[in-house]
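Below: one structure, written as structure tokens.
The values are calculated or read from the model by the stated rules, or taken from the named source; none is laboratory data. Since the model is a prediction, treat every value here as computed from it, not as a measurement. Cβ coordinates were reconstructed from backbone atoms using ideal geometry, including for glycine residues, and neighbour counts include every protein chain displayed.
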Amino acid sequence: MDYQKVDGQLATEYDSETGGDSKSLPVFVRTKTPLPQEAIHELERLRVSNPDPASAVFTMDLTPKEVAALSDRPWVLSIRSSRKLRPISE
């Protein structure tokens with residue numbers, strides 16, 4: 001895994017799960033544009049429907065093992081964890 005491309009929370013999740021497939025993590029994946037055909041096929045394999053080659057950010061649910069594999073791709077710039085937002089109560 002390329003630790004320079006992932007945020008601290010994802011790195012911690014990966015280390016605590018020892019790279020397993022136990023749970024799905026919501027993430028934002030930032031990529032180079034335009035995406036090469038190889039990248040489009042990889043995103044489709046990771047359950048992204050109809051990835052646009054001109055898009056630079058994709059949201060996905062990935063296992064820690066998938067995060068590690070994706071971080072090693074040259075067309076991936078960064079992978080950040082996505083957090084659910086809650087409404088501010090007054």
Residue that is surrounded by the fewest Cβ atoms within 10 Å (Cβ to Cβ), among those in the stretch 50-62 that are more than 12 Å from Phe28 (Cβ to Cβ) and in contact with a Leu (Cβ under 7 Å, 6 or more places away or on another chain): Pro53
Residue match in the stretch 71-80 (condition: at pLDDT below 95 and either of a type outside the set (A, V, I, L, M) or surrounded by 16 or more Cβ atoms within 10 Å (Cβ to Cβ) (or both)): no
Test for Arg47: is it modelled with pLDDT of 90 or more, exposed (fewer than 13 other Cβ atoms within 10 Å of the Cβ), of a type in the set (Lys, Arg) and in a loop (DSSP other than H, G, I, E, B): yes
Residues of the stretch 1-37 satisfying the condition of being at pLDDT 85 or above, in a helix (DSSP H, G or I) and surrounded by 11 or more Cβ atoms within 10 Å (Cβ to Cβ): Gln9, Leu10, Ala11, Thr12
